[in-house]
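Report on the structure given below.
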Amino acid sequence: MNPLTPKQKKTLKQLAHNRKPVVMLGSAGLTDNILASLDEALQRHELVKVKVAAADRDERDRIIQTLVESSKAELVQRVGHIATLFRRNPQNVVVRFK
């Protein structure tokens, strides 16, 4: 997948603004079930928010980086405990860029 352009990222941020987190990581941390849920959410929605409840900033960064790498998604933005991820689904395009 080609990297997102700044204009595409801006569009995705606008679309994600009113959305609630679809995947939430709690005290159990990063599990195979979380990765499966994220994959399913990205397959269906393309653009998802993930809430990471790790108290330590470095730990949140590590978890978000692992999520991005394992899901082959692109990080659109991160604000506090919430990360917005995007992965194109060629069979079911939900987000269209102008």
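Just so you know, all these numbers are worked out from the coordinates, no wet-lab data involved. The structure presented is a predicted model; accordingly, all values stated were derived computationally and were not measured. Every residue, glycine as well, gets a Cβ built from its backbone with ideal geometry; the counts of neighbours run over all protein chains shown.
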Which FRET efficiency, nearest 0.05, do THR5 and VAL79 yield, Cβ-Cβ r, R0 25 Å? 0.75
So what's the angle, to the nearest 10 degrees on a 0 to 90 scale, between helix 6-16 and the longest Cα principal axis of the chain? 70 degrees
So if we plug the beta-carbon distance of ALA28 and GLN65 into 1/(1 + (r/R0)^6) with R0 = 22 Å, what FRET efficiency do we get, rounded to 0.05? 0.75
Calculate how many DSSP beta bridges within the chain are antiparallel, expressed in % of all such bridges and rounded to the nearest 5. 75 percent
Give me the one-decimal nm value for the distance between modelled label points at ARG19 and ASN89, 7 Å along each residue's Cα-to-Cβ direction. 1.1 nm
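Using 0.36 nm per residue, how much length does the chain from ASP56 to GLN43 gain when fully extended, once their Cα-Cα distance is taken away? Let's see the in-between values first.
Values: separation 13, 0.36 × 13 = 4.68 nm, distance 2.94 nm.
Once the chain is fully extended between ASP56 and GLN43, it gains 1.7 nm.
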Can you tell me the 0 to 90 degree angle between the C-alpha axis of helix 32-45 and the longest principal axis of the chain, rounded to 10? 20 degrees
Highest average packing first - 91-97, 25-31, Cβ atoms within 10 Å: 25-31, 91-97
